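Notes for the one structure printed next.
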Amino acid sequence: MAKVATSIISPVSVVTNSLLTPAQVREMDRRAIEELGIPGYELMCRAGAATLELACERFPKACNWAVLCGAGNNAGDGYVIARLAQAQDLRVRVIAVSDPDSLRGDAARAWADFRAAGGQAEAFSATTDLSDADLIIDALLGTGLDRPLAGAYLTAVEQANAAAAPLVAVDIPTGLCGVTGQVLGAAIQAAATVTFVGLKQGLYLGEGPRCCGALTFTDLGIPPEAMADLHPNFRLFDQARLRALLPPRPANSHKGLFGHVLIVGGNLGMGGAVRLAGAAALRAGAGLVTVATRPENVAAVLAGRPEIMCAPVRSAADLSPLLERATVVALGPGLGKDDWAQALFDATVNCPQPLVIDADALNLMAAGPRRRDDWVLTPHPGEAGRLLGQSTAIVQQDRPAALAALHTRYGGVTVLKGQGTLVGHAGDAPWLIDRGNPGMATAGMGDVLTGCLAGILAQVPMQPAEAAAAAAWVHASAGDRAAQQGQRGLLADDVVNELRACLNP
């Protein structure tokens, strides 16, 4: 079989950096066929070959394949896959959920070529047994699905998910909305997904990452000009962007060139939060870091990280000389909500320096909303809900809408944390962070992100959105490195220890 070059998602071009709606990807497909002269059936055959190659590489011991074919071009891809798999002497069972004789265009040709090669398809029914398959290909429905699954398609998805065999989804898992990432009634739970032409945003939003499994992208040989004037809704941050933001340091560098971060927080019993944030700011490359905290925390902070300067703060008046020396301020880690916390919040929130707001400072701000264009807010979904007067569930149902609402109300840059962290500000499409893992759902992770963000912002103070996206990407990447020893039991300090490697690729 002739190989088709596939590429795991990587920072190669604007196409692999841009997340598009299914309608935009269909427009790219149309341009490739009608304006660039690439036959539609040729693209379908390339898609089938790429999927076959991925499936064989990922599941080399699978020899009994079940290919579930539905309607439209997704079914056509399935019939191409089945034909090519049979040519490689794999045992292939094709199960048609829709009558293949009703297919039109390129999909009809794929069905005809499959039959001409000796292939046969059986009709799907509620009693179809998939227990003999050791690999199932989902070629049921593509990105055009806009309503909940029902009837035979719902049954087919449920039976495929219940089978013991791993699933490979063609372009998008059936039942997943390509726009929002929501599950439309039910969705294929794929071990791997091969997606074509352009990256669909629904693969990264909502339930998308859970449904698609390991994601592979191929542009099918369509040149980047097919994307001209199609503006992405989201952009993937990547290592190339990090290198551009933080190039190698000059030989004559000194600590004064890389900013002075002031971290304000650490109420009684919460000194660990500012220690983690301070350590992360140092690991992110800040030249100097000062922690302003309760006097009771000073000894522990210095003992845990002697490179941090630690100032006892009994009242808001003690902050004045510290603020004068700072180039970036991070407010919130372990701050609390008592009178001491409120006084420090009031003294800091209007400081002239770039400001990172996190944790309890966000909760205090929710009680008295205000707006700045030069700050960075870092809420998790619960904090975002409080800032917007909504429930956490509503925030999670439409994270892009919540991101936009936060910017409208509060200004500046917002980092909406969670799976698929979103980083947004006025003007450009938000950044999406496609890294991180469930092991990071533990105490102190937000404090590490705050420190990392402040440390990077201290080095590039005029680029707050890029600094915030870089921090989120580095933080998530460090979490993935730390999780190589296991997700359960991963600590925030483990992530701090991996930051340097991620900042110096």
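The values are calculated or read from the model by the stated rules, or taken from the named source; none is laboratory data. Here the structure is a predicted model, which is why all the values come from computation and not from measurement. Heads up, the Cβs are rebuilt from the backbone with ideal geometry, glycines too, and the neighbour counts pull from every protein chain shown.
Remarks
- Figure legend. Inter-residue proximity from region 114-139: first residues under 12 Å from I95 (Cα atoms), second residues among the acidic types (D, E), beta-carbon distance below 6 Å, spacing 6+ or different chains. Indicated pairs: A139/D77.
The rows are residues; the columns are (1) buried (at least 20 other Cβ atoms within 10 Å of the Cβ); (2) within 32 Å of the chain's Cα centre (by Cα).
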position: L84; (1), (2): yes, no
position: L90; (1), (2): no, no
position: A96; (1), (2): yes, no
position: A117; (1), (2): no, no
position: Q120; (1), (2): no, no
position: L140; (1), (2): yes, yes
position: T143; (1), (2): yes, yes
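- Meets criteria (within 21 Å of Q189 (Cα to Cα) and outside any loop (DSSP other than H, G, I, E, B)) for A82: yes
- R435 vs. criteria more than 22 Å from G272 (Cα to Cα), among the basic types (K, R), surrounded by fewer than 24 Cβ atoms within 10 Å (Cβ to Cβ) and within 18 Å of the chain's Cα centre (by Cα): yes
- Here A367, A384, A359 are screened, and the one residue that is at pLDDT 95 or above, over 19 Å from the mean Cα position of the chain (by Cα) and small (G, A, S) is A359.
Listed here are the residues, each with its yes/no results for (1) at positive phi; (2) in a loop (DSSP other than H, G, I, E, B); (3) of a type in the set (S, T, N, Q); (4) modelled with pLDDT of 95 or more.
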site: A426; (1), (2), (3), (4): no, yes, no, no
site: G451; (1), (2), (3), (4): no, no, no, yes
site: I456; (1), (2), (3), (4): no, no, no, yes
site: A470; (1), (2), (3), (4): no, no, no, yes
site: H475; (1), (2), (3), (4): no, no, no, yes
site: Q484; (1), (2), (3), (4): no, no, yes, yes
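- Residue in region 118-135 that is at positive phi and assigned by TED's automatic domain parsing to the domain that holds P209 present: yes
- A residue that is in the same structural domain as A472 (by TED's automatic domain parsing), among the β-branched types (V, I, T) and closer than 19 Å to F345 by Cβ can be found somewhere in region 378-394.
- For P247, the conditions (1) of a type outside the set (A, V, I, L, M, F, W, C); (2) without any contact (Cβ under 8 Å) to a residue 12 or more places away in the chain; (3) over 27 Å from R26 (Cα atoms); (4) assigned by TED's automatic domain parsing to the domain that holds E53 are fulfilled apart from (4).
- Residue check for R435: of a type in the set (K, R) and in a helix (DSSP H, G or I): no
- Residues being farther than 19 Å from A492 by Cα and loosely packed, with under 13 Cβ neighbours inside 10 Å - total across region 296-311: 1
- Yes/no for I33 being assigned to a loop (DSSP other than H, G, I, E, B) and touching a helix residue (DSSP H, G or I) at 6+ places or on another chain (Cβ under 7 Å): no
- R235 vs. criteria at pLDDT 95 or above and over 15 Å from the mean Cα position of the chain (by Cα): no
- Filtered by the rule that a residue be small (G, A, S) and outside any helix (DSSP H, G or I), region 36-60 gives a lone residue, G37.
- The requirement of being buried (at least 20 other Cβ atoms within 10 Å of the Cβ), without any contact (Cβ under 8 Å) to a residue 40 or more places away in the chain and closer than 16 Å to D493 by Cβ is not satisfied by R283.
- Of all residues in region 295-344, those being in a helix (DSSP H, G or I) and out of contact with any Asp or Glu (no Cβ under 8 Å at 6 or more places or on another chain) number 24.
- Among the conditions (1) under 26 Å from L262 (Cβ atoms); (2) out of contact with any Cys (no Cβ under 7 Å at 6 or more places or on another chain); (3) touching a residue at least 24 places away in the same chain (Cβ under 8 Å), the only one that D494 does not satisfy is (3).
- Considering region 458-468, and only residues there that are assigned to a loop (DSSP other than H, G, I, E, B) and touching a helix residue (DSSP H, G or I) at 6+ places or on another chain (Cβ under 9 Å), the residue that is nearest to T414 (Cα to Cα) turns out to be Q463.
- The residues of region 334-363 that are polar (S, T, N, Q) and either in contact with a Phe, Trp or Tyr (Cβ under 6 Å, 6 or more places away or on another chain) or crowded, with 24+ Cβ neighbours inside 10 Å (or both) amount to a single one, T348.
- Set A47, A75: member being in contact with a Phe, Trp or Tyr (Cβ under 6 Å, 6 or more places away or on another chain) and in the same structural domain as A164 (by TED's automatic domain parsing): A47
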